[in-house]
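Asks: One structure, pasted below without further comment.
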Amino acid sequence: MSEFKKTLGPWQGIAMTITTFVGTGLMALPAMSVTQAGDFAFYSWLITVFIIIPIALVFALLGSRFPSAGGASHYIGQAFGDKAEKAVGWLFISILLVGPGVAIKVCAYYLAIVFNLSNEWILTLSILTILGLFLFGIIGIQTSARIQSLIVVIMIVAVASLAFQGDITSATASILTPLSIPQWQQALSAVSVVFWCFLGIEVMAHMGAEFKNPAKDFPIAMLGGITIVVLTYLTLVLLISWHHAYGSEMQDSQSIAILVEKIMGATASKWFSAGAFLISFANTAIYILGFGRMVQALSNKKAMPRYFQKLNAYGSPGRAIALVCGICLFSLIATELLNFNLYWLIEMTNGTFLLIYSLATIASWKLFSQNLRILSCISMVACTVIAYQIGIGMLFATVALITAYAWEHFQSTKSNTVSINAKV
């Protein structure tokens with residue numbers, strides 16, 4: 001069995017889009033953006049949303065017109081050939097070395113708060129989280145989507161409650177409009193941080209093959225979900241700024257718990273920490289599912305062993321997900337032993353995703369009809385702006401892509417040589 005079941009509708013898709021974008025970022029990004037951009041943080045989010053919209057539209061169109069579990073790598077392969085597709089697939093896999101470890105650790109930190117455990121337990125809790133992600137991944141996307149729908153409802157109710165009790169109307173007074181060039185530069189300085197929120201566009205594209213009606217449902221799921229996500233983040237930006245739940249690195253990382261404690265008290269803060277873990281866990285699980293499908297797609301392309309092609313009884317690539325979780329475990333232990341800074345890992349992750357978005361945007365120009373190519377051009381400009389803000393964080397992605405493409409070129413040359421010698 002190698003074909004995915006078409007089980008997703010627009011509402012399940014919206015729920016999955018929200019849990020893709022509202023996860024670990026919700027726990028820290030609003031506070032980090034306020035710390036970095038100050039009173040202009042609200043505009044930092046608006047600028048980033050404005051920049052990300054054309055990229056989201058490109059992926060929505062690609063996902064609806066070319067539904068494939070391979071997602072971005074499939075689109076790039078359609079435009080530039082098999083070697084490029086496999087190289088981008090490997091680039092996706094390289095993210096496992098830097099990205100999921102951040103999300104898994106955030107899950108562990110909130111779980112430690114729930115059980116009143118010290119930081120010495122973080123590694124153990126992280127390993128347990130990986131085990132939970134593996135079990136969650138193998139039960140299949142339809143069951144996962146049902147669980148996520150419940151989490152989304154809880155999240156919206158929780159944020160609405162915070163907005164009501166935290167006096168969101170008064171909080172709008174914290175919005176300042178940048179009027180000078182230095183002020184606009186300050187607002188732009190947080191764009192590279194805010195961008196982390198929108199990592200997941202390509203993961204949703206991987207799910208395009210599982211929508212009942214991709215051409216209709218996929219764009220609704222993508223754009224409808226993003227609208228709800230943006231409103232949620234902006235609400236928290238205003239509340240965190242108004243109630244001063246930000247400042248240091250530790251305060252930014254625990255900003256939701258601090259905000260809830262100021263508004264509702266310590267007991268409520270603990271319950272919200274449990275909710276924060278669930279949201280972060282669901283967000284990370286979507287990434288694991290997406291990476292699993294990428295491995296399965298690479299296996300179908302013979303870039304990886306055929307062992308990972310098979311789907312289990314739930315329609316999930318269980319073997320591929322097991323491999324993904326194994327790599328995450330290795331990465332987590334390695335980064336812990338080497339004492340890597342989380343911010344450094346975030347920068348490398350952002351740079352890698354952005355490079356993939358840029359390549360998919362270039363591919364869309366080739367795949368789209370003439371009247372849609374203007375959208376591809378606008379999207380490429382948007383990618384360039386974000387790349388400038390990320391800066392040196394793009395280096396890891398560039399090296400990984402060059403290495404992956406060189407490997408695929410070597411494999412292709414070797415295969416051709418063997419074929420020629422066999423004929424002789």
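The values are calculated or read from the model by the stated rules, or taken from the named source; none is laboratory data. Computed from a predicted structure; not experimentally measured. Glycine also receives a Cβ, built like all others from the backbone with ideal geometry; neighbour counts cover every protein chain displayed. The protein model used for the area step is the full one, side chains on, heavy atoms only, and it has no ligands, DNA or RNA in it. Shrake-Rupley method; radii C 1.70, N 1.55, O 1.52, S 1.80 Å.
Asks: Can you name the residue in the stretch 328-370 that is among the hydroxyl-bearing types (S, T, Y) and under 30 Å from A79 (Cβ atoms) and, of all such residues, is nearest to the chain's Cα centre (by Cα)?
Replies: First pass over the stretch 328-370, keeping only residues among the hydroxyl-bearing types (S, T, Y): 331, 335, 343, 349, 352, 357-358, 361, 364, 369.
Cutting the leftovers down to under 30 Å from A79 (Cβ atoms) gives us 349, 352, 357-358, 361, 364, 369.
On the way: T349: 9, T352: 11, Y357: 12, S358: 16, T361: 17, S364: 21, S369: 28 Å.
The selected residue is T349.
Asks: Let me ask another. Give the number of residues within the stretch 93-145 that are surrounded by fewer than 21 Cβ atoms within 10 Å (Cβ to Cβ), in contact with an Asp or Glu (Cβ under 8 Å, 6 or more places away or on another chain) and either among the aromatic types (F, W, Y) or at pLDDT below 80 (or both).
Replies: 0
Asks: For the subset of the stretch 241-256 comprising residues that are open to solvent by less than 60 Å² (accessible area, probe 1.4 Å), more than 19 Å from K270 (Cβ to Cβ) and assigned to a loop (DSSP other than H, G, I, E, B), which member is modelled with the lowest pLDDT?
Replies: Ranking the qualifying residues of the stretch 241-256, first place goes to S248.
Asks: Among the residues of the stretch 316-343, which ones are open to solvent by 40 Å² or more (accessible area, probe 1.4 Å), touching a helix residue (DSSP H, G or I) at 6+ places or on another chain (Cβ under 7 Å) and in contact (Cβ under 8 Å) with a residue 24 or more places away in the chain?
Replies: A322, L323, L329, E336, L342 - these are the residues of the stretch 316-343 that are open to solvent by 40 Å² or more (accessible area, probe 1.4 Å), touching a helix residue (DSSP H, G or I) at 6+ places or on another chain (Cβ under 7 Å) and in contact (Cβ under 8 Å) with a residue 24 or more places away in the chain.
Asks: Could you say which residue among K262, K302, K310, K270 is free of Cβ contacts under 8 Å to residues at least 12 places away in the same chain, among the basic types (K, R) and open to solvent by 30 Å² or more (accessible area, probe 1.4 Å)?
Replies: Values: K262 fails: free of Cβ contacts under 8 Å to residues at least 12 places away in the same chain; K310 fails: free of Cβ contacts under 8 Å to residues at least 12 places away in the same chain; K270 fails: free of Cβ contacts under 8 Å to residues at least 12 places away in the same chain.
None of the others qualify; the one that does is K302.
Asks: A further question on this structure: Pairs under 6 Å by beta carbon, first residue among the β-branched types (V, I, T) in the stretch 213-236, partner modelled with pLDDT of 85 or more, six or more apart or different chains?
Replies: V230/V49; T232/V159; T235/V159; T235/A163
Asks: Please find, among T403, T384, the residue that is modelled with pLDDT of 90 or more, within 24 Å of W90 (Cα to Cα), within 22 Å of the chain's Cα centre (by Cα) and open to solvent by 40 Å² or more (accessible area, probe 1.4 Å). Spell out the reasoning first.
Replies: Values: T403 fails: within 22 Å of the chain's Cα centre (by Cα).
Criteria check complete, one pass: T384.
Asks: Continuing with this model, one more query. Looking only at the stretch 22-67, how many residues end up being open to solvent by less than 10 Å² (accessible area, probe 1.4 Å), touching a Pro at 6+ places or on another chain (Cβ under 9 Å) and under 30 Å from A363 (Cα atoms)?
Replies: Final tally of qualifying residues: 3.
Residue by residue, here is whether (1) modelled with pLDDT under 90; (2) farther than 24 Å from Y287 by Cα; (3) of a type in the set (S, T, Y) holds:
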position: E347; (1), (2), (3): yes, no, no
position: I356; (1), (2), (3): no, no, no
position: G391; (1), (2), (3): yes, yes, no
position: W407; (1), (2), (3): yes, yes, no
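Yes/no per residue for (1) out of contact with any Pro (no Cβ under 9 Å at 6 or more places or on another chain); (2) of a type in the set (V, I, T); (3) not in a helix (DSSP H, G or I):
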residue	(1), (2), (3)
T227	yes, yes, no
L234	no, no, no
L239	no, no, no
I258	yes, yes, no
S269	yes, no, no
T284	no, yes, no
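Asks: Could you go through the stretch 69-77 and let me know if any residue there is touching a helix residue (DSSP H, G or I) at 6+ places or on another chain (Cβ under 8 Å) and at positive phi. If you could, list the steps in order and put the result at the bottom.
Replies: Pass one, the stretch 69-77, residues touching a helix residue (DSSP H, G or I) at 6+ places or on another chain (Cβ under 8 Å): 69-77.
Then drop every residue that is not at positive phi, which leaves 71.
Yes.
Asks: Can you pull out the residues in the stretch 63-115 that are in a loop (DSSP other than H, G, I, E, B), without any contact (Cβ under 8 Å) to a residue 40 or more places away in the chain and over 14 Å from L359 (Cα atoms)?
Replies: Narrowing the stretch 63-115 to residues in a loop (DSSP other than H, G, I, E, B): 66-71, 81, 96-99, 115.
With the extra rule that they be without any contact (Cβ under 8 Å) to a residue 40 or more places away in the chain, the set shrinks to 81, 115.
F115, the sole residue that qualifies.
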